[in-house]
1. If you take the residues in the stretch 5-48 that are within 29 Å of the chain's Cα centre (by Cα) and among the β-branched types (Val, Ile, Thr), which one is modelled with the lowest pLDDT?
2. Would you be able to tell me the number of residues in the stretch 265-291 that are over 23 Å from Phe308 (Cα atoms) and either in contact with a Gly (Cβ under 8 Å, 6 or more places away or on another chain) or of a type in the set (D, E, K, R) (or both)?
3. Restricting the search to the stretch 252-268, which residues are part of a helix (DSSP H, G or I) and within 16 Å of the chain's Cα centre (by Cα)?
4. State yes or no: is Lys259 in contact with a His (Cβ under 6 Å, 6 or more places away or on another chain) and at negative phi?
5. So which residues in the stretch 153-168 are at pLDDT below 95 and not small (Gly, Ala, Ser), if there are any at all?
6. Cβ-Cβ distance below 9 Å, separation of 6 or more or different chains: which pairs start in the stretch 184-208 with a residue that is over 16 Å from Ile135 (Cβ atoms) and of a type outside the set (A, V, I, L, M) and end on one that is at pLDDT below 95 and surrounded by 24 or more Cβ atoms within 10 Å (Cβ to Cβ)?
7. (1) more than 37 Å from the chain's Cα centre (by Cα); (2) of a type in the set (Gly, Ala, Ser); (3) exposed (fewer than 13 other Cβ atoms within 10 Å of the Cβ): which one isn't true of Ala393, the others all being true?
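The values are calculated or read from the model by the stated rules, or taken from the named source; none is laboratory data. Keep in mind that this is a model prediction, so the values were computed, not measured. Cβ sites come from the backbone with ideal geometry, for glycine too, and all protein chains shown count toward neighbours.
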Amino acid sequence: MNIFKVGGCVRDRLLGLEVKDIDWVVVGASSEEMLAEGYKPVGKDFPVFLHPKTHQEYALARTERKTGPGYTGFDFHADPAVTLEEDLLRRDLTINAIAEDKDGKLTDPYHGQQDLQQRILRHVSTAFSEDPVRILRLARFAARFADLHFTIADETMALMKKMVDSGEVDALVAERVWQETVRALAEDSPTVYFQVLRQCGALKILFPEVDRLFGIPQPEEYHPEIDTGIHTMMVLTQSALLSNDPKIRFAALVHDLGKGTTPKNEWPKHIAHEARGVPLVEALCKRLKVPKEYKDLAVLVTRYHLHFHRAAELKDTTMLKTLKSLDAFRRPQRLDDFLYACEADARGRPGYEDVQLDQTEIFRNAYSAAKSVNASSLINEGYSGQAISDELAHRQTQAIHIARKRT
């Protein structure tokens with residue numbers, strides 16, 4: 001029985017990054033031997049065991065054979081005769097196919113160290129094409145290592161395009177797409193994830209509503225970048241600079257989906273694109289089984305982002321209605337999230353990245369003024385029933401009006 005560290009922990013150590021999780025592979029052992037050593041089985045599809053003391057996962061070295069479409073269509077074979085090199089051959093990228101023994105000696109049969117040095121993401125073998133999830137994983141790694149200037153090998157990109165053309169990506173289930181996407185949204189450069197998917201052709205299959213935005217013009221007066229797809233990527237980039245919250249980044253990604261349905265004869269204007277975008281966001285979230293908290297914020301940003309941009313022009317009553325629609329008085333964090341996403345939208349244009357924005361302060365001042373109105377005092381004043389709600393709204397509107405005159 002020989003035990004090796006493999007995958008991301010070895011890769012990240014070689015890159016000088018923090019190692020968070022350790023993956024172990026066991027060569028030359030059977031399931032019976034693992035059980036005899038006190039390991040507890042947890043794997044259903046292939047033999048994975050928990051260490052009796054550390055409870056870390058140890059997987060038997062294995063090979064795999066494609067038996068059907070999608071990422072579940074595989075048969076796995078694990079026995080003591082499977083070599084370390086055979087196990088590493090089935091891995092996705094060369095930089096993830098390096099093993100390290102207990103003495104720190106590296107086994108690198110597929111030149112992963114060289115690709116680390118040259119900052120290249122390259123598939124280990126053509127077996128990469130048998131699992132469409134690997135397209136998502138590679139795009140996510142590209143987002144994670146963008147600051148280290150990693151690029152995708154030409155032959156790997158060509159293989160990904162072939163996978164898309166062959167229909168492999170069509171077999172991806174919603175849960176797996178969202179799992180990889182939400183992880184990509186949490187990376188430092190989430191925009192790269194969607195750019196890679198678009199480059200290989202997967203974006204039009206997995207996120208057609210986003211892909212459709214590329215090539216659609218906007219008024220140059222407000223959008224020097226003109227192209228809506230480019231604007232969307234710039235907004236996502238700005239959202240990553242403003243917040244680490246993937247919910248905010250997702251809302252930034254989908255806020256302009258309505259522009260993809262604007263009739264060509266109305267271009268470059270996009271009248272009522274906010275309202276048209278809401279059902280598109282809802283449909284995307286339903287299709288990918290996006291969690292409710294993500295969907296709710298995305299819908300609100302889609303519906304009200306122009307209210308943010310026109311904050312100084314809004315009527316006091318409209319400002320109050322917007323704050324209520326955001327549920328800001330019960331969930332102040334929702335207001336913060338909304339403002340971050342909208343600020344990213346405002347900054348996601350060439351020349352606007354560092355511009356002074358007053359809209360956030362206008363919204364926060366209005367919120368603070370309306371929140372300062374004491375609803376319980378209305379009961380003491382003799383109001384009851386609907387009259388309480390009406391008078392509260394009246395006084396909150398007045399408070400907002402006074403606060404806005406001061407700023």
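1. Of everything passing the filter in the stretch 5-48, Val42 is modelled with the lowest pLDDT.
2. 4
3. Here is the first cut: in the stretch 252-268, the residues part of a helix (DSSP H, G or I) are 252-254, 257-261, 264-266.
Ala252, Leu253, Val254, listed by residue number.
4. On the way: in contact with a His (Cβ under 6 Å, 6 or more places away or on another chain): yes; at negative phi: yes.
Here the answer is yes, as Lys259 does meet what is asked.
5. Of everything in the stretch 153-168, just one residue is at pLDDT below 95 and not small (Gly, Ala, Ser), namely Glu168.
6. none
7. (3)
For (1) free of Cβ contacts under 8 Å to residues at least 12 places away in the same chain; (2) assigned to a helix (DSSP H, G or I); (3) loosely packed, with under 15 Cβ neighbours inside 10 Å, each residue gets a yes or a no:
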residue	(1), (2), (3)
Glu225	no, no, no
Asn244	no, no, yes
Ile248	no, yes, no
His270	no, no, no
Leu284	no, yes, no
Arg287	no, yes, no
